[in-house]
Amino acid sequence: MSRYYLGLDSSTQSLSAVLIDAESGQLVNQQSLNYAAELPAYNVTDGFLPSTSPGVVHAPPLMWVEALDQLLKQMQADKLPMNEIVAVAGAAQQHGSVYVGADFEARLKNCNPQKPLQKQLQNCFTRSTSPIWMDTSTTDQCTAITKALGGADQLIKATGSTATERFSGAQIKKFADKHPEDYVRTKAIMLVSSFMASLFSGRHVGIDLTDASGMNLLDIRHKQWYSAALACCGDHLQDKLKPPVNPQLPLGTISTYFTDRYGFNSNCMVLPWCGDNPSSLIGLGLVEPGMTAISLGTSDTCFGLFKDLPESMSPWAHTFIAPTLDYMSLLCFKNGSLAREAVRRQYQQSWEQFSACLEATPPGNQGAMMLPWFDTEIVPRIKHAGVQRYSLEATDIQANCRAVIEAQMIAMCNHASAAGLKPTSIRATGGASQNRAILQVMANVFDCPVDVLQTTTNSTALGAALRAVVAVERKTWKETVQPFTKTQYASQTIPDAAAVAVYQKMKKRYAEREQTCLMQD
Ligand code: XUL
């Protein structure tokens, strides 16, 4: 007997669905709908609206609603077993906020299954477009929040991040300050995640803890709203938000709109939706403290699970609450494949030749070192971009290939540890994870084994479906994720003890050199 679970991912550019069978451990179906291509009436490019105001990046919330109707219609047309889905959960792009008036909830409750949802919700928004995570227009609000809450260190300690432009607290403050009347008539403020969960529940549901920790508004130690931050960002904000919800507690059964229109079973459970990064943690199988993912893409990201918050927290990382209710850190390094490609091209090397250079040079690069800032950096924030070489001749092709990889891995390891992560195993994804010479440097620097995951499934949507399995079937995280998160190679890349010792010393030297280049706030 199959047990189907549906996971959705409302991302910046598309809405995706993953249907799994928890009984067989199989992926049953996955599909996706691209907003720009399939909903052209909303006039978005890459999922957001054109704007002439600097830093402003918004998207129309009704587009996410219509995408949901379209995707479910497609699933029904594909004769997927809608009636047998045990539970549905989702995840959404983090930080985006949705503002509705007093009639939103009544309209949701009384939705007519004969008519599309977006037609029934179209006049209930008090802010017609939603600021999303790409918006950087709130620098002034961030300065005000930092000041009001006693400085950057205090804010990081309480909320897990410094005041961040894209985070929802600053976005809400901007709306409350600049459009006070619209703010007053706003009955509810949701994130994209809780907005989508509200549609399924047929009522306004609170923001889940994982996404709430991307707002600069949550006291992450006590897992409740941080009242000083709420007071700074808008009057009576708590009433508009509702208390944050535990991502693993089912919200109830699915609303009749979905049973009547798409054939969902009336017993189908609805779970809160999470932020996409916390969800993808689960979809990549990172369910125990110490498990860490490194994605080697245009930018490199490192995120993983840990139990206890460190006393002093890194100003460059973001700490969120994870779906397991542990903590997760997220670090984004802008100089990712950009820097690797720059070196490879500068020395006219193919990727095979680049790997051969890594293999021909010893760990530690005989004392040579690079600070690999081909562009400005996020982790850490540096005074200015510029590559620096120490005991490293610019003409030495082999040493430069090794230097860029060692610098990236050492920076990642040092900053991950400052953010509370203590990696015990790493799952690598992204283009450069196919290069085993790079993985060997990673294993040696972090002193832990590295796996490469098969990533043919959308890990964010998969993470949501797996969360639903854990919540409903009360199975452990480990046994639930295992059948769905297979590694690509039979063998792991294992650290080499001699190289590990070399890197211990090199990490200290790197940190000292980096320190002299930091931007002073
Ligand atoms: C994380 C972030 C993005 C969004 C979009 O802080 O802003 O990763 O979640 O996917």
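The values are calculated or read from the model by the stated rules, or taken from the named source; none is laboratory data. Small disclaimer: the values here were computed from a predicted structure and weren't measured. Here the Cβ is made from the backbone with ideal geometry for all residues, glycine too, and neighbour counts use every protein chain on show.
Just for region 286-296: of the residues that are modelled with pLDDT of 95 or more and in contact with a helix residue (DSSP H, G or I) (Cβ under 8 Å, 6 or more places away or on another chain), which one is farthest from the ligand (Cβ to nearest atom)? Quick ask: steps written out before the conclusion?
Going residue by residue through region 286-296, those that are modelled with pLDDT of 95 or more are 286-294.
Next, from what is left, pick out any that are in contact with a helix residue (DSSP H, G or I) (Cβ under 8 Å, 6 or more places away or on another chain): 287-288, 292-294.
On the way: 287: 20, 288: 22, 292: 17, 293: 13, 294: 15 Å.
Checked region 286-296; the qualifying residue farthest from the ligand (Cβ to nearest atom) is 288.
Out of the residues in region 151-192 that are among the hydroxyl-bearing types (Ser, Thr, Tyr) and away from the ligand (no atom under 15 Å from the Cβ), state the one that is surrounded by the most Cβ atoms within 10 Å (Cβ to Cβ).
Here is the first cut: in region 151-192, the residues among the hydroxyl-bearing types (Ser, Thr, Tyr) are 159, 161-162, 164, 168, 183, 186.
Now narrow it down to the ones that are away from the ligand (no atom under 15 Å from the Cβ): 183, 186.
On the way: 183: 22, 186: 25.
Filtering region 151-192 for residues that are among the hydroxyl-bearing types (Ser, Thr, Tyr) and away from the ligand (no atom under 15 Å from the Cβ), the one surrounded by the most Cβ atoms within 10 Å (Cβ to Cβ) comes out as 186.
Restricting to region 191-235, name every residue that is of a type in the set (Ser, Thr, Tyr) and either in contact with a Cys (Cβ under 6 Å, 6 or more places away or on another chain) or not in a loop (DSSP other than H, G, I, E, B) (or both). Give the derivation first.
Residues of region 191-235 of a type in the set (Ser, Thr, Tyr): 193-194, 198, 201, 210, 213, 226-227.
Once the filter is applied, which keeps residues that are of a type in the set (Ser, Thr, Tyr) and either in contact with a Cys (Cβ under 6 Å, 6 or more places away or on another chain) or not in a loop (DSSP other than H, G, I, E, B) (or both), region 191-235 yields 193, 194, 198, 201, 210, 227.
Which pairs turn up if I take residues in region 6-19 that are more than 16 Å from residue 38 (Cβ to Cβ) and within 16 Å of the ligand (Cβ to nearest atom) and look for partners that are assigned to a strand (DSSP E or B) and at pLDDT 95 or above with beta carbon separation below 6 Å, at least 6 apart in sequence or on another chain?
7/18; 7/89
Could you say whether any residue in region 495-514 is within 21 Å of residue 327 (Cα to Cα) and at pLDDT 95 or above? Spell out the reasoning first.
Start the filter on region 495-514 by keeping residues that are within 21 Å of residue 327 (Cα to Cα), which leaves none.
Checking region 495-514: not a single residue is within 21 Å of residue 327 (Cα to Cα) and at pLDDT 95 or above.
Looking at (1) out of contact with any Phe, Trp or Tyr (no Cβ under 6 Å at 6 or more places or on another chain); (2) away from the ligand (no atom under 16 Å from the Cβ); (3) closer than 23 Å to residue 469 by Cβ; (4) of a type in the set (Val, Ile, Thr), which is the only condition residue 256 fails?
Only one criterion is unmet by residue 256, namely (3).
Residue check, residue 388 against (1) in contact with a Lys or Arg (Cβ under 7 Å, 6 or more places away or on another chain); (2) at pLDDT 95 or above, all met but one. Which one?
Condition not satisfied by residue 388: (1).
So which residues in region 192-250 are in contact with a Gly (Cβ under 7 Å, 6 or more places away or on another chain) and either of a type in the set (Phe, Trp, Tyr) or free of Cβ contacts under 8 Å to residues at least 40 places away in the same chain (or both), if there are any at all?
Scanning region 192-250 gives 243, 244.
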